Amino acid sequence: MTMPPQPADTEGTGSSSPGGPDVVVCVGPGGVGKTTTSAALALQGAKRGRRACVVTIDPARRLADALGTGHLGNEPHLVNPPAGSSGWPGELWAVMLDAQGTFDHLVDRYATSGAQAEAILSNPVYRNISAALSGTQEYMAVEKLYELEESGRWDLIIVDTPPARHALDFMEAPRHLMRLLDNRVFRLLMAPTKVGLRALEVGTQVLLRTVAKVAGGEVVADTVEFFTEFEGMEDGFRARAKRADELLHSRKTEFALVCSPRRDTVEEALYLSAQLAKEGLEATRVVVNRCYPRYAPLSAGAQNRLADGPLAPLVANLEQLELVSAKEEEQLVRVSAALPKAVLYRVPFLAREVAELEALEEVACYLETEEARE
Amino acid sequence: MEPLSFFSQTRVLIVTGKGGTGKTTVCGVMANLAAREGLRALVVQVATASDRLEPETANLSHLFGRDEVLGYDEMALVTGPSGGEVRARALRPDTALVEYLHLHGMRRLSRRLVSTGALDVVATAVPGMPDMLVLGKVKQMERAAAAGSPGAPELIFLDAPAAGHAIRFLQSPHGLLEAASGGPVRSQAQEVVDMLSDPDRCQAVLVTTPEETPVSETVETAQLLEDRAGIKLCAVVVNARLPVLPLPEHLESAALSELAAGAGVTLAPSELESLIVAGKLRLERQGAQAAQVVRLAEELPLPQLELPFCFSADLGPDQLSTLTDALGRSVAGWQPVELP
């Protein structure tokens, strides 16, 4: 694997641009081209001479398709310009998030001893938390973002996120594990090391018995063991989660809302934007993908007289596509009105699948032109 | 195949596919067709442990011309002829957990467990448990359907999570069978596995659009569903296919002007441009979609059903009706739908 470039700065600040890299987090519903948009934004950065890195946490591994790189590992990978292309002045890096690997790495880092790390890594409850606890993937994406930011190797980091229904978890990710650790039930589960299981209050014993009854006694034993092992590491995790949370809320971090011009995806996107607002954040860019082009219509006379001749299919086609674009326009107006301050980009329906760098470059071009507001 | 025979193949149809391909729409359209055939259909939308139900659950109601967000209680969406109907409800892991505890004599504890965040505890200690509880509830409804209980549906459509999460969701009882050595969880998981692996009780429908990435992911999901979750695949629905128009292959302004002149029309340059550009886009899309449909058939030997693209940015009762007609024809012929 090629090693990422070292920062060019001589100040030793660990950052390649003042105040650290710019971060763009792409949020939006599933199936609207969020991964493609993320990759195109990173490519755009590279074309502007920036050292850009895109992180995807999409389990479908579509970024790998879009970048034509096949399987991406948990470490950033340099994407070379396609053969025959003039290339770009900056650099384009891509990384596919491996949530499990990232979590294991964190445990290694914050464990006080090799034995503690090993005990945690082999605990079944830890495997469950890292593989299946809701929000873990999102938490690890934020962690990865923080790791990349901290390395100072990049000056633009683009983060793709899981589909809409999970994006809230993404925002809450750094706090999620902390909340779990703070959960009263778990805190009580940890108590046995200090006071012995017998000294537990009656209520907790009933809770434990219930969990044991529902899920089996070995589950309770493993859980107690996990929390026992985890002791001493919480502070490290907590401090790091706090810094990651600050990064998400920093002024260097922008949110891009990605949707398609359909009622349902627009609704979900606006819902997400409202959720961001609750966090005191706002989407600064809105990318509307897969828009049908707008066509100059036929005159009413021409339309009528050509409606059933040899040109009928062409006329019908134009009519159908115009209808779609008119309906889409209503949705664009809605987005525009709901997010008056955001920069709006309209990416047309592309005839070819965006599965190659050339196609990605085409998408990046559409992200150069801001949509005029009416 | 007659729609009625199609729907009598099984009692639970699990509908899944890549995000954005129209799972919810396909569920609604299938249920509506079943209701037209006089069946009592129930659409169940499920949330996995990490889902938030809002605002997606309003999309199904919207298709039926309603605004309500689906909740735990069944809601009647449409009443068809001869007793057919579409009802819908949403299932969430937390309510499923409460029900489960009630059924197992832990009523007093259930509220406290949920309010103290015990769902998180249970989910962490036993991953797959919340998902399995939701599936357990579906199994309970399937049993009621099999027994012909009063008020029970005859056919259940499960609007499952998107492809990647669907595998984990449907695999959950298998994982629990391995993890739990005994007790109520194990027997519950065994009963769910029995349902999932019995094609007379449960089968899966995959939804895709005729585009490259969704088709590739559908083929992948199909294999995983069969191998890991042991579910029989019933059909693949190719959604939002552009109806094929017989457009001329060569679009040149001189030739088009001449044809228009034949009808006594002089087309302005901008009109010619529109016809040509729109025509080229349609030809490209039609060609690309046809190629993907062929590739899907080659890589996934399943009956294909087809639903047309609706020329609208929104799906409501009009589109539901058009799509239900199209699905009926597609089921009847197991072949591409011809549209006006």
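Of the helices (runs of 4 or more DSSP H) contained entirely in region A:257-374, those carrying at least 1 residues that are among the basic types (Lys, Arg) and at pLDDT 90 or above fall at A:300-305, A:312-338.
Of all the criteria given as (1) surrounded by 20 or more Cβ atoms within 10 Å (Cβ to Cβ); (2) part of a helix (DSSP H, G or I), the one not satisfied by B:Gln45 is (2). Within region B:232-283, the set of residues being assigned to a helix (DSSP H, G or I), of a type in the set (Val, Ile, Thr) and facing another protein chain (nearest Cβ under 8 Å) comprises just one member, B:Val277.
Would you confirm whether or not region B:256-270 contains a residue that is more than 28 Å from the chain's Cα centre (by Cα) and under 26 Å from B:Cys310 (Cα atoms)? The answer is no; no qualifying residue exists.
Taking the criterion of being in contact with a Phe, Trp or Tyr (Cβ under 9 Å, 6 or more places away or on another chain) and among the hydrophobic types (A, V, I, L, M, F, W, C), the residues of region B:263-315 that qualify are B:Leu275, B:Val277, B:Ala278, B:Leu281, B:Leu305.
So for region A:245-254 (the condition being modelled with pLDDT of 85 or more and either within 30 Å of B:Ser312 (Cα to Cα) or among the aliphatic types (A, V, I, L, M) (or both)), does at least one residue qualify? Scanning region A:245-254 turns up at least one residue that is modelled with pLDDT of 85 or more and either within 30 Å of B:Ser312 (Cα to Cα) or among the aliphatic types (A, V, I, L, M) (or both). Please go through region B:176-198 and give me each residue that is modelled with pLDDT under 85 and either surrounded by 24 or more Cβ atoms within 10 Å (Cβ to Cβ) or within 9 Å of chain A (Cβ to nearest Cβ) (or both), ordered by number. Selection gives B:Leu176, B:Ala179, B:Ala180, B:Ser181, B:Gly182, B:Gly183, B:Pro184, B:Val185, B:Arg186. Is at least one residue of region B:155-163 within 12 Å of another protein chain (Cβ to nearest Cβ), out of contact with any Pro (no Cβ under 8 Å at 6 or more places or on another chain) and in a helix (DSSP H, G or I)? Scanning region B:155-163, I find at least one residue that is within 12 Å of another protein chain (Cβ to nearest Cβ), out of contact with any Pro (no Cβ under 8 Å at 6 or more places or on another chain) and in a helix (DSSP H, G or I), so the answer is yes.
One residue stands out among those in region A:235-252 that are without any contact (Cβ under 8 Å) to a residue 60 or more places away in the chain and part of a helix (DSSP H, G or I): the one that is surrounded by the fewest Cβ atoms within 10 Å (Cβ to Cβ), which is A:Asp235.
For region B:245-294, the tally of residues that are modelled with pLDDT of 95 or more and among the β-branched types (Val, Ile, Thr) stands at 3.
One residue stands out among those in region A:274-301 that are without any contact (Cβ under 8 Å) to a residue 12 or more places away in the chain and of a type in the set (A, V, I, L, M, F, W, C): the one that is nearest to A:Tyr366 (Cα to Cα), which is A:Ala296. The residues on offer are A:Ala164, A:Ala132, and the sole one that is touching a strand residue (DSSP E or B) at 6+ places or on another chain (Cβ under 8 Å), at pLDDT below 75 and aliphatic (A, V, I, L, M) is A:Ala164. When A:Tyr126 is tested against (1) in contact (Cβ under 8 Å) with a residue 24 or more places away in the chain; (2) closer than 24 Å to A:Ala52 by Cα; (3) under 24 Å from the mean Cα position of the chain (by Cα), only condition (2) is not met. Reported count of residues in region A:323-343, each being farther than 13 Å from A:Val266 by Cα and more than 8 Å from chain B (Cβ to nearest Cβ), is 6. Of the residues in region A:207-229, none is basic (Lys, Arg), out of contact with any helix residue (DSSP H, G or I) (no Cβ under 7 Å at 6 or more places or on another chain) and at pLDDT 90 or above. Considering only residues in region B:80-106 that are in a helix (DSSP H, G or I) and charged (D, E, K, R), the one that is modelled with the lowest pLDDT turns out to be B:Asp94. Scanning region B:291-313 for residues that are in contact with a Cys (Cβ under 9 Å, 6 or more places away or on another chain) and either within 10 Å of chain A (Cβ to nearest Cβ) or under 24 Å from B:Thr208 (Cα atoms) (or both) turns up at least one hit. State whether one or more residues within region B:173-183 are of a type in the set (Asp, Glu), free of Cβ contacts under 8 Å to residues at least 40 places away in the same chain and part of a helix (DSSP H, G or I). Checking region B:173-183: at least one residue is of a type in the set (Asp, Glu), free of Cβ contacts under 8 Å to residues at least 40 places away in the same chain and part of a helix (DSSP H, G or I). Take region B:25-41 and flag every residue that is in contact with a helix residue (DSSP H, G or I) (Cβ under 8 Å, 6 or more places away or on another chain) and crowded, with 24+ Cβ neighbours inside 10 Å. The answer is B:Thr25, B:Cys27, B:Gly28, B:Val29, B:Met30, B:Asn32, B:Leu33, B:Ala34, B:Ala41.
The values are calculated or read from the model by the stated rules, or taken from the named source; none is laboratory data. Remember, it's a predicted structure, so these values are computed and weren't measured experimentally. A quick note on method: Cβ atoms are made from the backbone with ideal geometry, for glycine too, and the neighbour counts reach across all protein chains shown.
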